[in-house]
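See below for the structure under consideration.
The values are calculated or read from the model by the stated rules, or taken from the named source; none is laboratory data. Note that the coordinates shown come from a computational prediction; the quantities given were computed from them, not determined experimentally. Cβ sites come from the backbone with ideal geometry, for glycine too, and all protein chains shown count toward neighbours. Surface accessibility is based on the protein's heavy atoms, side chains included, excluding ligands, DNA and RNA. Shrake-Rupley method; radii C 1.70, N 1.55, O 1.52, S 1.80 Å.
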Amino acid sequence: MVNSITSQNVVKPLMPRPSSAEKKRLVMKLSTAFNQNKLLDTSFGSEEEFWQKASVKGREEVQIQHFKKRQKDLNHYTQKIPTSRKLVTATKAGTSQVKVNKSATKISAEDQAPSLNGPFQNPAETSPSIHSRSKSSSITKTNSQAFNNIKGRNPSEVSSSAEMGSRVPLPENTVLPKVGITIGANITNFSQGATCKPRTHIVFLKVHKSASSTVMNILFRYGETHNLTFALPINGLHQLNYPHYFTAAVVEKLSPGNGSQFNIMCHHMRFFKPEVAKVMLNTTFYFSILRNPVQLMESSYTYYKGTSAFSKARDLEEFLNQPSHFYNASSTDSHYAKNLMAFDFGYNHNGNFSAKHIQLMLQAIEAEFDLLLISEYFDESMVLLKETLCWDLDDMIFFPLNSRHNSTKTPLSESTTEKIKSWNKLDWEIYVHFNKTFWEKIDQLIGRERMQNEVRMLQQKREQLAKICLQGSGSVAPQLIKNQALAPLQYGKAVIMGYNLKPNLDEATRQMCQRMVTPELQYNRLLYRKQFPKKVLKHSNAAVLPKLSNRRVV
């Protein structure tokens with residue numbers, strides 16, 4: 001297990017180390033060069049010429065930024081021996097106990113797999129805590145407080161059928177602690193002191209069909225609770241100029257009385273760093289989430305069945321057997337059918353880059369983003385995100401959103417899987433590379449044993465909150481959703497699940513529970529009305545649904 005950066009995994013700069021200001025200048029120069037290339041509407045031949053001249057010239061600059069980011073990751077944290085406290089629930093008799101179910105996660109989603117199936121081994125020694133938490137005095141109400149106010153109740157059992165998502169193997173030579181021994185009453189919760197400050201300037205690149213709606217809901221709730229400002233699309237729209245490149249002009253401007261700085265940007269966009277930097281502070285934390293391209297394409301085919309590439313194919317297998325018969329690279333919606341992640345990151349989804357050029361693309365993404373999460377390890381991703389943002393574990397509790405009903409999921413053969421990897425070569429290279437860096441960051445910042453303990457605590461807290469909030473057996477089919485204000489958008493051939501809340505909840509509990517199950521379109525409208533009340537009064541129908549041909553109502 002690697003708990004610190006060693007000389008063998010630090011990319012050594014190929015030139016004398018520049019000053020911080022020089023590093024920043026070089027990185028921005030490289031970023032601009034890459035993005036100028038992205039904006040060129042050219043053939044592959046001219047793009048190849050650009051890669052050979054501009055990108056290779058900037059290789060040393062990328063490697064310098066790699067070194068800077070690795071050092072930045074470590075410098076953000078201060079090691080401290082953790083204190084422990086008991087995670088308790090109150091029984092009817094008023095005694096405290098910890099309830100551990102055999103099934104760790106009973107709520108799952110198409111875009112998020114449960115992290116670990118069984119109870120963890122209770123380690124004799126815990127890993128050192130990496131950092132400590134300190135909330136700003138201006139923050140008067142937190143998700144943690146809201147959760148603690150109600151978690152002492154004794155809710156009825158909640159269960160739902162959970163489907164395990166596809167999880168790629170861990171990197172080679174990975175050794176996880178043994179599991180299978182039930183944890184006792186004392187569960188270590190790594191409560192820390194005051195050596196880091198929560199990050200509140202954040203850009204989340206919302207990659208399609210990668211559990212990004214669930215991450216967005218976490219950011220929405222955190223920002224709303226802490227009175228942060230959101231970079232929202234103009235006129236209450238739900239995307240930032242997508243599928244065109246992001247420009248600063250598509251963000252609704254704050255009124256003079258609210259200042260001029262945004263805290264969080266998290267709507268769908270095609271990433272273009274120079275324009276994003278015009279809206280967000282230069283100290284902003286950038287992160288995104290990736291998904292195995294095999295499952296991503298299966299999901300995209302179902303959800304975007306009405307697009308030009310998929311509409312005439314009988315099934316995904318037929319499309320992959322003759323992609324040239326169905327796929328037109330010049331179609332404005334072609335990105336939904338090929339290298340969708342690469343497209344969202346701003347790169348040419350039809351590119352046929354060499355191995356050298358792919359490595360430069362990966363290095364550029366790593367230079368622009370502080371953290372890349374993996375949806376197949378969603379619980380681990382939320383713990384890692386919590387650690388890097390210096391938030392609390394209660395801030396990361398979630399119910400999976402925008403998940404499909406099992407009836408609309410198609411099992412894939414081995415041959416189909418390989419065809420998808422080949423067809424989505426850029427996405428596959430991105431995923432494999434950042435799946436590796438994901439585990440490297442866990443080893444560097446948290447360690448596997450503490451990760452497992454915190455994942456377990458996150459799952460227990462989610463189960464407790466599900467018993468308090470949710471009616472029936474968790475997520476339900478759209479036609480069974482009682483409150484249509486909480487019904488998610490139904491699109492393509494996908495059947496998107498939703499939730500019913502328990503009746504007779506007190507107002508504070510109801511509001512907290514409702515925020516956790518509110519679909520992104522409805523939550524976006526709510527935040528827009530709250531942040532721009534005068535514009536909402538002026539434009540009564542500011543938040544419009546997407547104008548897409550295969551949007552439907554159940």
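Solvent-accessible surface (1.4 Å probe) assigned to Val476 amounts to roughly 20 Å². Using the Cβ-Cβ distance between Glu440 and Leu480 with R0 = 41 Å, the FRET efficiency computed as 1/(1 + (r/R0)^6) comes to roughly 0.45. Taking all protein chains together and rolling a 1.4 Å probe, Thr247 ends up with roughly 50 Å² accessible. Thr332 contributes an accessible area of around 120 Å² to the protein surface, as traced by a 1.4 Å probe with all chains present.
A 1.4 Å probe over all protein chains sorts Leu228, Leu360 by accessible area into Leu228, Leu360, starting with the largest. Residues in the stretch 264-271 carry Karplus couplings, in order, of 10, 10, 8, 8, 4, 7, 9, 5 Hz; the curve used is 6.51 cos²θ - 1.76 cosθ + 1.60 with θ = phi - 60°, and Gly or Pro positions show x. Pairwise inverse Cα distances across the stretch 427-474, averaged and inverted, put the Kirkwood hydrodynamic radius at 13.1 Å. Net charge near Thr416, counting Lys/Arg +1 and Asp/Glu -1 over other residues with Cβ under 9 Å of its Cβ? Once all neighbours under 9 Å are counted, the net charge is -3.
Per residue, the stretch 311-352 exposes an accessible area of 45 Å² to a 1.4 Å probe, with every protein chain left in place. Structural descriptor for the stretch 467-513: relative contact order 45 percent, calculated from alpha carbon pairs under 8 angstrom and at least 6 residues apart. Distance between the 7 Å Cα→Cβ label points at Lys530 and Asn227: 1.3 nm. Taking GluC sites (Glu not before Pro) across the stretch 350-445, none is in a DSSP loop with at most 10 further Cβ atoms lying within 10 angstrom of its Cβ. Enclosing the Cα atoms of the stretch 266-314 in their convex hull gives a volume equal to 111 cubic angstrom per residue. The 3J(HN,Hα) values that the Karplus relation (6.51, -1.76, 1.60; θ = phi - 60°) gives for the stretch 457-462 are, in residue order, 5, 4, 5, 5, 4, 5 Hz. Gly and Pro appear as x. For the stretch 440-533, the fraction of alpha-carbon pairs lying more than 19 Å apart is 56 percent, rounded to a whole number. A Förster radius of 25 Å combined with the Cβ-Cβ distance from Thr283 to Asn235 puts the calculated FRET efficiency at roughly 0.30. Exceedance of the 19 Å cut-off in Cα-Cα distance is limited, within the set Lys305/Lys409; Lys206/Lys312; Lys206/Lys419; Lys312/Lys338; Lys273/Lys534; Lys467/Lys502, to Lys206/Lys312; Lys206/Lys419; Lys273/Lys534.
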